[in-house]
Structures are given as C-alpha cells and as structure tokens.
1. Cβ contacts < 8 Å: first residue under 15 Å from Phe178 (Cα atoms), restricted to region 214-225; second residue part of a strand (DSSP E or B) and open to solvent by less than 50 Å² (accessible area, probe 1.4 Å), any location; separation 6+ or different chain. Result?
2. Could you list, in sequence order, all residues of region 372-396 that are more than 23 Å from Trp154 (Cβ to Cβ) and touching a residue at least 40 places away in the same chain (Cβ under 8 Å)?
3. For the list (1) part of a helix (DSSP H, G or I); (2) open to solvent by 10 Å² or more (accessible area, probe 1.4 Å); (3) farther than 20 Å from Ala319 by Cβ, I need the number of the one condition that Thr43 fails.
4. Taking the stated definitions as given, is Tyr249 open to solvent by less than 60 Å² (accessible area, probe 1.4 Å), modelled with pLDDT of 95 or more and in the same structural domain as Trp402 (by TED's automatic domain parsing)?
5. Restricting the first residue to region 347-371 and requiring it to be more than 18 Å from Ile46 (Cα to Cα), which pairs with a second residue that is in a loop (DSSP other than H, G, I, E, B) and open to solvent by 50 Å² or more (accessible area, probe 1.4 Å) meet a Cβ separation below 7 Å and a spacing of at least six or different chains?
6. Does at least one position in region 72-90 carry a residue that is part of a helix (DSSP H, G or I), hydrophobic (A, V, I, L, M, F, W, C), under 28 Å from Ala207 (Cα atoms) and not assigned by TED's automatic domain parsing to the domain that holds Pro228?
7. Taking Ala169 as the residue in question, decide whether it is small (Gly, Ala, Ser), on the phi < 0 side of the Ramachandran plot and modelled with pLDDT of 95 or more.
8. Sort through Lys198, Lys215, Lys188, Lys231 and tell me the only one that's open to solvent by 10 Å² or more (accessible area, probe 1.4 Å), within 15 Å of Asp295 (Cα to Cα) and of a type outside the set (Asp, Glu).
Amino acid sequence: MRQRSLIAITAALAAGALTLTACGSRDDDGGSDGGNGGGGGTTVVIGVDAPLTGDLSALGLGIKNSVDLAAKTANKDNYVDGIKFETEALDDQGQPSVGQQNATKLVANDDVLGVVGPLNSSVGESMQKVFDTAKLVEVSPANTNPALTQGVDWQNKKVRPYKSYFRTATTDAIQGPFAAQYVYNDSKKRKVFVIDDKKTYGAGLAATFTEEFKKLGGQVVGTEHINPDTKDFNAVATKVKNSGADVVYYGGEYPQAGPLSKQIKAAGAKIPVVGGDGIYSADFIKLAGASGTGDLATSVGAPVEELPSAKEFVANYEAAGYKEAYEAYGGYSYDSAWAIIEAVKAVVEANDGKLPDDARAKVVDAMQNVSFDGVTGKVSFDEFGDATNKQLTVYAVENGAWKSVKSGTYTG
C-alpha cells in the first residue's frame, strides 16, 4: 500500500514549508467535470477507485482529489488537443469484493480510458482480471505487493500476470528489506516481534521484512496475526512484552497500527513499532497518542515536501481548495493520472488527432513507453509494469508529526 504524506497546511506554508492539508470544499458526488478550459469535443474519463469512506478514507480522498487536480490541469493547459478529461471516483471501502464491482462498473463506461487506484493490494488483486479482459489500463499509486506485477512465484521466477496493470509505487520486495536494513544497521535492533493483519499487503510486507532481518543476523522472537476488525490488542501486547523484543514490526495499516502501538507501550514494552507505508498517516499518530513518539514507518519515494518537482503540485492542490490532505499518495496519484493523460496524448497524436476505435488497447500499449518528469520524480515503467523509481524513505514520529530520517534505495 501505501501512504503516504501528512502534515497539515499551516501558516508555515507562507514561510516556505511544504505541507499537506488543504481547506476548502470538494464535489460530493464522487465525480468531477475536470475543470474549465482546454479540452474540446471528445470526453475521456479517468476512473478512480479508492476507499472514500471508512477507516482508510483519509488516504482514499487524497487519491481522489489528486487525480481530479491532474484532470483539471490537463484541461486548463489544453494538454491533449480536442480532449476534455473528466473523472469518475468510486468508493471500494477497502474491500476486494466492492473493488471488483467497481471495476466492472468502470469497464461498462465506454468513456473510461484509464483507472487510477486502488489503495489496497488485496483490492488491486480483485480488479486486475476485470480490467485486463477489457483492455483497460489501471495505474495504482499505492499497491506494493510484488505478486501483482511479477506473479505469485515472484521470488523464484518473475512472470507478469496482466499487461494492463501498472503502478507508480515501488514494491514490498524493496520496502520490507529497506526497513529491515534500517532497523538492524541504523537503529541497532536485534530482536524483533513480527505482527501482521493477514491481508495481502500486510502479510507480504511482514514476510519480506522478516527474511531480510534474519539474513542480516537479527532474531525473530515472536510472531502473531491480528484480526483487523478489532481494536483490542492487549493479548498480543502482553506477548510482545514477555518476548524480550527490542522492536516490533507490523505489516498492516494505520487503523490497527495506532491502537496496537499504544497498547504495546501500555503493557510495559517501551519499544518502537515499525511499519510500512500503510501506517504512514497523520491518523496513525492520532491513534497511537503520545506514546507513539519514536515509532517508524517506511514509505515509497522521497518526502513530497522536500522535492522541488512537487512545489507546483502542492501550491495547486492548496489553491484548488480541497478539504482533505493529499497524504503521501497524493503525488503518486497525480503522477498515475498524468501517466494516463500522457498515454492518451500519444494515442491521439498517432491517430491524426482523434481517438481510434480501439483506444483502450492502444492506451495500454502506450503506457508501457510513458516517461515524464512527475511530481514524485521520473515516472516510467519496467517490463513488469513496475515503477522504475525505487527510492524509499524512513520516517519517525517526533513532536506529534512524521519526520523523514533517511532516504535511499534498497541494496540487496
């Protein structure tokens, strides 16, 4: 998954600090007319699938708003001559079955030539075949499970399952080991208790972390699977305390990670909880409380607030007046939408300025060769549809906010 950036826009913005929450309003129907200006007679819809309600809605709404901003920007600049972009955003509630239904609905709309999303790897897994059968391109800003692009046996033999699936986020094959290297080499932790939520993203991330941590010489002193539908983790917290662990690694998302961290500390284990991009949210800090200080998260890419390439995006997002923060997936969502816009542009220009009858299939083909300088850096895709940008960042909770402590790439 995912997340991905979370400080609120405050007066510090005027002083030059880049921030991540904006005020204002958004459309209530989940869709957008893509803004005024530019465009022309032909409408192209960019679908969006994300959790727009429920525990993960902070991330989902950031995805939705960022795609909307990309469409409005393309229209304002008349980026694709004769094309007006609109968006259609559907709520998957973080549930694979709902995501699959949404995929079917988006496929049924002939104007949809690309989809951004989803947030969750388990939801992405449920949507891939629907989109691929319809030759409809899908670009996720947040899915990180390696199997989605490299096949279930990716550790032994990489085989791309679906030609229509791409992502701008790097994978857990890199994120998990990157975290393990930081925990072992930088934080000097040697005994880890590993917990996951049994979901596609969480279990996969925990597995890649564990493998690398053990390879480095670390010891796994306990493992546990939690039920993501509960918030009572006292039994697990007691096991962590009794294990002698000096660090906890959690594979999962912030709605569970926050209370888990709080309860582990309350049980007497004053040790950091470490997770992936799924816990990198301002909401984690709210849920973990003051005892969350020192907890760590990895997330894809470099901090958006530190990227020169993101300054225009941050300013435009604020100016657009979205009520919700773009969170860390905002930049990746904008870049995912812009990749679709670039692919549409290539298809239109190759067909005498208009869309061909087989536009969907042509957009899938064009996506493989898309390459541009985006909000998050260079955006392009390898032979598996994975992002070529492999950078990651470690964040720590300090003074009630996430602070970047190390950026780099995994060296396996």
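The values are calculated or read from the model by the stated rules, or taken from the named source; none is laboratory data. None of these values were measured; they are calculated from a predicted model. Note that we place each Cβ from the backbone using ideal geometry, even for glycine, and neighbour counts take in every protein chain shown. Only protein heavy atoms, including side chains, enter the accessible area calculation; ligands, DNA and RNA are left aside. Shrake-Rupley method; radii C 1.70, N 1.55, O 1.52, S 1.80 Å.
1. These pairs meet every condition: Lys214/Val220; Gly218/Val192.
2. Of the residues in region 372-396, the ones more than 23 Å from Trp154 (Cβ to Cβ) are 372-378, 393-396.
Passing the criteria: Asp373, Gly374, Val375, Thr376, Gly377, Thr393, Val394, Tyr395, Ala396.
3. (1)
4. Numbers: open to solvent by less than 60 Å² (accessible area, probe 1.4 Å): yes; modelled with pLDDT of 95 or more: yes; in the same structural domain as Trp402 (by TED's automatic domain parsing): yes.
When the stated conditions are applied, Tyr249 passes them.
5. The qualifying pairs are Gly353/Asp81.
6. Here is the first cut: in region 72-90, the residues part of a helix (DSSP H, G or I) are 72-76.
Now narrow it down to the ones that are hydrophobic (A, V, I, L, M, F, W, C): 74.
Going one step further and asking which of them are under 28 Å from Ala207 (Cα atoms), we end up with none.
Taking every residue of region 72-90 in turn, none turns out to be part of a helix (DSSP H, G or I), hydrophobic (A, V, I, L, M, F, W, C), under 28 Å from Ala207 (Cα atoms) and not assigned by TED's automatic domain parsing to the domain that holds Pro228.
7. On the way: small (Gly, Ala, Ser): yes; on the phi < 0 side of the Ramachandran plot: yes; modelled with pLDDT of 95 or more: no.
In short, no.
8. Values: Lys198 fails: within 15 Å of Asp295 (Cα to Cα); Lys215 fails: within 15 Å of Asp295 (Cα to Cα); Lys231 fails: within 15 Å of Asp295 (Cα to Cα).
Exactly one of Lys198, Lys215, Lys188, Lys231 is open to solvent by 10 Å² or more (accessible area, probe 1.4 Å), within 15 Å of Asp295 (Cα to Cα) and of a type outside the set (Asp, Glu), namely Lys188.
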